[in-house]
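Chemist: Before I ask anything, here is the structure I am working with.
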Protein chains: 2
Amino acid sequence: MSIEAVDFFYLSMPQVEDIGDGSQDALVVRVVADGVEGWGECEASPLVSVAAYITPMSHGACKPLRDVVLGKRLEDATDIAALAAAVEMECMDLLQAAHTFSGIEMALWDVLGKKRNAPVYELLGYTAAYPKLPYASQLFGDTPTETLAGCRKARERGFRAVKCGWGPFGRGSLNDDREHLQAAREGIGADGTLLVDAGQIFREDVEAAARRIPLLEEVNTVWFEEPFLGGAYGAYAALSARSGNVKLAGGEASHNFHMAQQLIDYGKVGYVQIDCGRIGGIGPAKRAADYAVERGVTYVNHTFTSHLALCASLQPFAGLKDHVICEFPFAPKSVAWDMSETHLMPDANGEVKIPAAPGLGVTMSAAGMRKYLVEMEISVKGKTLYRTPKL
Amino acid sequence: MSIEAVDFFYLSMPQVEDIGDGSQDALVVRVVADGVEGWGECEASPLVSVAAYITPMSHGACKPLRDVVLGKRLEDATDIAALAAAVEMECMDLLQAAHTFSGIEMALWDVLGKKRNAPVYELLGYTAAYPKLPYASQLFGDTPTETLAGCRKARERGFRAVKCGWGPFGRGSLNDDREHLQAAREGIGADGTLLVDAGQIFREDVEAAARRIPLLEEVNTVWFEEPFLGGAYGAYAALSARSGNVKLAGGEASHNFHMAQQLIDYGKVGYVQIDCGRIGGIGPAKRAADYAVERGVTYVNHTFTSHLALCASLQPFAGLKDHVICEFPFAPKSVAWDMSETHLMPDANGEVKIPAAPGLGVTMSAAGMRKYLVEMEISVKGKTLYRTPKL
């Protein structure tokens with residue numbers, strides 16, 4: 001079979017707010033091969049990612065993804081890897097290409113799984129999928145009281161782990177941060193797993209980040225995520241050497257395998273967080289998971305959007321029994337929830353199970369998506385290169 | 001003064017061929033602040049880069065560049081650095097942003113230099129600009145005879161250095177590569193500087209690249225550029241340990257300072273090649289140049305397009321007397337030539353001098369640009385977000 005069609009759907013809340021909530025819009029990808037539909041999602045700017053699919057060629061190593069992907073063979077996993085390699089070479093100078101291809105690649109796995117009647121994790125070589133311990137991923141509140149309320153709500157809804165991030169953290173005094181951290185611990189409970197995400201606020205300032213370590217240790221924080229700019233491996237390594245029981249986490253911005261590898265080797269993180277909607281899809285994410293295992297680092301998904309993205313992001317480490325923590329979009333905007341009929345919810349043990357259904361195991365909701373569909377049109381030299389397709 | 005307007009002009013040859021010639025199109029940026037015009041160029045996919053300027057916000061760390069740049073203060077170099085830092089945080093998840101901002105940032109320096117009546121290299125802290133030895137950058141021919149002719153032509157036109165790259169290199173037998181290399185050496189002459197660019201053809205295959213080292217040594221090659229995928233630092237380091245007199249070069253794809261730093265620290269290159277049109281502009285390129293000096297690595301510009309891009313790319317190492325080699329677009333397509341009135345040509349010594357005129361020292365040609373101007377229009381929800389502005 002070959003790739004017959006690739007269509008993009010830009011979904012958005014009517015109003016997008018200037019906050020760190022990545023679930024306010026989405027770029028969903030539908031791929032058709034041999035009559036079978038597969039779905040994927042780019043964790044990326046929708047308009048820019050679509051532009052990377054249809055832009056006119058600039059030169060032989062700066063081609064639109066359409067030219068590399070459409071019509072290509074899709075019979076087995078090696079075809080997906082070959083396509084990813086072709087994208088690396090032919091879209092070498094198109095920076096956005098990795099984000100766009102990520103959603104396409106996911107959808108290719110979904111198609112392949114449906115054709116083979118097998119979940120994607122089996123195509124990746126895993127014989128079983130182990131349950132994961134989802135953490136309720138949310139923003140710090142504007143006040144410690146709000147942070148407490150958010151974490152308490154997570155606990156009440158059956159979550160045994162919570163992550164607080166962004167918002168005021170690192171922007172005020174040490175005492176402000178301490179109050180938020182204490183509130184988060186109180187909210188999730190003494191036996192809960194607490195994770196903290198700094199959202200790169202300290203840029204490359206190791207000392208500023210290091211001053212938070214005692215506060216994080218006080219509340220028994222498992223990981224301290226993205227204290228620095230994504231590429232500041234030197235800062236990561238320096239903090240890692242002084243972070244005591246608190247492990248560093250990072251990697252969500254990796255847009256190829258090597259960036260994940262580098263954060264492990266040079267940044268000395270204890271947890272590597274991979275977003276399948278950015279790293280180039282499920283294939284390079286699986287390679288990152290294999291590498292993490294080899295290096296004694298724990299692999300975690302990065303997912304702040306939909307349950308389509310969640311199901312895709314769990315595949316690369318589905319079979320890793322000891323890598324149990326998974327990010328779970330706790331309070332997504334309605335667009336992220338409504339786009340699929342399938343949702344993964346924590347069971348009585350507070351665990352989520354990866355669907356055993358073919359492909360990614362996700363049933364999309366056309367009606368749910370239509371409510372948020374954003375019309376787009378791009379024309380060059382008077383010729384329309386893209387117009388929102390029929391859903 | 002503040003940034004009043006940012007406009008993009010997509011220029012292209014009527015036909016773009018599927019070859020590694022990056023001069024077939026261009027994205028030129030015009031910035032106006034306090035009535036002064038500055039110019040820059042993104043070395044990037046034009047449509048996609050423009051989309052990153054005007055795309056609707058996805059969330060607080062995935063904003064269009066327009067929202068971060070327009071209306072901001074521009075009084076001195078620290079304002080440019082502050083803007084770059086804001087882009088890193090507020091466009092964190094917009095992958096293409098670095099490419100788009102690169103052209104804007106160049107133009108900001110151009111404005112500032114014109115306001116101060118000083119060349120940009122002085123604003124960067126250099127007291128003098130030293131002449132550079134330009135190498136004629138060209139593709140390998142389809143046959144050794146073509147490669148010979150190209151290099152001979154460079155020599156006849158006064159170039160003392162040549163770089164051959166891409167094309168058939170690494171795609172055929174060792175003997176094919178040897179014939180091309182011998183032809184290149186014959187063309188540039190025994191006393192010429194010969195550089196070779198593999199265009200990432202060996203991906204991560206250290207052995208395949210290592211087999212070329214003796215052939216490169218035979219013809220006294222100064223550097224072996226981009227043997228591998230940009231992030232494959234392990235492969236770079238492994239080859240570097242066995243490359244004898246041939247130094248490795250790379251870094252053109254760096255889209256932030258840290259990537260350049262990493263290629264030096266982990267990839268062990270001898271030459272770091274920075275494109276100001278990709279790394280985020282002149283500021284981070286200067287930081288890379290400073291770092292190269294600190295680590296005993298030679299800084300080189302990457303420029304395969306216009307003389308606007310060339311003038312910008314020379315600024316970060318203008319004052320480094322010992323870093324003499326510079327890339328020079330030897331046979332650009334007419335679009336890259338016609339867009340400016342200013343051209344830097346090798347003098348009788350085969351050297352180029354960086355303009356001492358204010359800003360980047362480049363006079364653009366409106367008539368030259370108009371010939372190649374590509375009309376674009378992008379609309380979202382029926383509202384036009386971008387339409388090619390008046391030139």
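Chemist: Treating the point 7 Å from Cα along Cα-beta-carbon as the label, what are the nm separations from B:Leu70 to the other copies, to one decimal?
Modeler: Copy-to-copy label distances at B:Leu70, shortest first: 3.2 nm.
Chemist: May I pose another question? Residue by residue through the stretch B:110-116, what is 3J(HN,Hα) from phi via Karplus (6.51 cos²θ - 1.76 cosθ + 1.60, θ = phi - 60°)? Round to whole Hz and write x for glycine and proline.
Modeler: So the J values, rounded to whole Hz, are 4, 4, 4, x, 5, 5, 8.
Chemist: I would also like to ask the following. What is the gain in length, in nm to one decimal, between B:Leu70 and B:Ala241 on full extension, counting 0.36 nm per residue of separation less the C-alpha to C-alpha distance?
Modeler: 56.8 nm
Chemist: Sorted by average packing, counted as other Cβ atoms within 10 angstrom per residue and highest first, what order do A:151-162, B:316-327, B:380-391 take?
Modeler: Top to bottom by mean Cβ count within 10 Å: B:316-327, A:151-162, B:380-391.
Chemist: Give me the mean projected area, in nm² to one decimal, of the convex hull enclosing the Cα positions of the stretch B:289-335.
Modeler: The directionally averaged projection comes out at 3.3 nm².
Chemist: Against the longest alpha carbon principal axis of chain B, how many degrees, from 0 to 90 and to the nearest 10, is the axis of helix B:282-295 turned?
Modeler: The helix B:282-295 is inclined about 40 degrees to chain B.
Chemist: Ordering A:Trp223, A:Trp337, A:Trp166, B:Trp39 by accessible area with a probe of 1.4 Å, largest first, what comes out?
Modeler: So, going from the largest accessible area down, we get A:Trp337, A:Trp166, B:Trp39, A:Trp223.
Chemist: Please report the base-10 log of the normalised intensity I(q)/I(0) for chain A, using a Debye sum with one equal scatterer per alpha carbon and no solvent, at each q in 0.10 (1/Å).
Modeler: Normalising to I(0) and taking log10 leaves -0.62.
Chemist: If you don't mind, there's one more thing I want to ask. Scale the Cα Rg of the stretch A:304-376 by the rule-of-thumb value 2.2 N^0.38 Å and send over the ratio, two decimals.
Modeler: This ratio for the stretch A:304-376 stands at 1.18.
Chemist: A further question follows. Can you give me the Rg/Rh ratio for the protein assembly as shown, using Cα atoms for both radii and the Kirkwood formula for Rh?
Modeler: Here the Rg-to-Rh quotient is 0.96.
Chemist: Helix B:144-156: angle to the longest alpha-carbon principal axis of chain B, degrees 0 to 90, nearest 10?
Modeler: Here the helix axis deviates by roughly 70 degrees.
Chemist: Sequence-distant or interchain residues sharing an amide H contact under 5 Å with A:Asp197, placed H: which?
Modeler: Residues meeting the amide H criterion: A:Cys164, A:Gly165, A:Trp166, A:Glu225.
Chemist: Right, next: Would you mind giving the mean number of other chain beta-carbons within 10 Å of the Cβ of each residue in B:157-168, as a whole number?
Modeler: 0
Chemist: Please compute the modelled spin-label separation between A:Glu375 and B:Glu377, points set 7 Å along Cα→Cβ, answer in nm with one decimal.
Modeler: The answer from the label model is 1.4 nm.
Chemist: Right, something else. Quick one: putting +1 on the C-beta of Lys and Arg, -1 on the C-beta of Asp and Glu, what dipole do you get for the protein assembly as shown around its Cα centre, in Debye to the nearest 20?
Modeler: So the dipole magnitude of the protein assembly as shown works out to roughly 280 debye.
Chemist: Simple spin-label model, 7 Å along Cα-to-Cβ: B:Met13 to A:Ala348 in nm?
Modeler: Using points 7 Å along Cα→Cβ, the separation is 7.0 nm.
Chemist: To two decimal places, what compactness ratio does the stretch A:29-88 give when its Cα radius of gyration is scaled by 2.2 N^0.38 Å?
Modeler: 1.18
Chemist: Alpha carbon centre of the stretch B:311-361 versus the stretch A:323-384: separation in Å?
Modeler: That distance is 50 Å.
Chemist: Averaged across B:105-115, how many Cβ atoms of other chains sit within 10 Å of each residue's Cβ atom?
Modeler: 0
Chemist: Got a sec to turn the phi values of the stretch A:237-253 into Karplus ³J(HN,Hα) couplings, 6.51 cos²θ - 1.76 cosθ + 1.60 with θ = phi - 60°, whole Hz, x for Gly and Pro?
Modeler: In residue order, the calculated couplings are 5, 5, 6, 4, 5, 10, 9, x, 7, 8, 8, 8, 9, x, x, 4, 8 Hz.
Chemist: Let me have the relative contact order for chain B, percent, based on Cα pairs under 8 Å that are six or more residues apart.
Modeler: 20
Chemist: Please arrange A:Glu179, A:Glu43 by accessible surface area, largest first, computed with a 1.4 Å probe and ligands excluded.
Modeler: So, going from the largest accessible area down, we get A:Glu179, A:Glu43.
Chemist: From the phi angles alone, apply the Karplus equation (6.51, -1.76, 1.60; θ = phi - 60°) to the stretch A:99-104 and give each ³J(HN,Hα) in whole Hz, x where the residue is Gly or Pro.
Modeler: 5, 5, 5, 3, x, 5
Chemist: Is the stretch A:112-165 best put as rounded, prolate or oblate by its Cα gyration tensor, with a ≥ b ≥ c the root eigenvalues, rounded for a/c under 1.5, and otherwise prolate when a/b is larger than b/c, oblate when not?
Modeler: The shape class here is prolate.
Chemist: Work out the mean other chain Cβ neighbour count within 10 Å for the residues of B:39-52 and drop it here as an integer.
Modeler: So the per-residue partner count for this stretch is 6.
Chemist: Spin-label point model (7 Å from Cα, Cβ direction): what's the A:Ala366 to B:Arg116 distance in nm?
Modeler: 6.1
Chemist: Can you compute the FRET efficiency between B:Met89 and B:Arg157 using 1/(1 + (r/R0)^6), with r the Cβ-Cβ distance and R0 = 41 Å? Round to the nearest 0.05.
Modeler: That pair, B:Met89 with B:Arg157, gives E of 0.35.
Chemist: Report, to two decimal places, the Cα Rg of the stretch A:243-391 normalised by 2.2 N^0.38 Å (N = number of residues).
Modeler: 1.21
Chemist: Sum -39500 (n - 2.57) across every DSSP H segment of at least 4 residues in chain B, then divide by the residue count to get the 222 nm mean residue ellipticity, nearest 500.
Modeler: That comes out to -10000 deg cm²/dmol.
Chemist: Here's a follow-up. Any idea what the A:Gln15 label distances to the other copies are, label 7 Å down the Cα→Cβ vector, nm, shortest first?
Modeler: The answer, with the shortest distance listed first, is 5.3 nm.
Chemist: Also: Give me the percent of DSSP beta bridges within chain B that run antiparallel, rounded to the nearest 5.
Modeler: Expressed as a percentage, antiparallel bridges in chain B total about 45.
Chemist: Counting other Cβ atoms within 10 Å, which trypsin sites (Lys or Arg not before Pro) in the stretch A:1-109 have at most 16 and lie in a DSSP loop?
Modeler: Sites meeting the loop and neighbour criteria: A:Lys72.
Chemist: Ignoring ligands and nucleic acids, what accessible area does A:Ile282 show with a 1.4 Å probe (Å², nearest 10)?
Modeler: 0
Chemist: Please give the net charge around B:Val16, taking every other residue with its beta carbon less than 14 angstrom from that of B:Val16, where Lys and Arg add +1 and Asp and Glu add -1.
Modeler: Every neighbour counted, the sum reads -4.
The values are calculated or read from the model by the stated rules, or taken from the named source; none is laboratory data. In this text, all values refer to a predicted model and were calculated from it rather than measured experimentally. Methodologically, a virtual Cβ is constructed for each residue, glycine included, from the backbone with ideal geometry; neighbour enumeration extends over all protein chains shown. Side chains included, ligands, DNA and RNA excluded: accessible areas come from the protein's heavy atoms. Shrake-Rupley method; radii C 1.70, N 1.55, O 1.52, S 1.80 Å.
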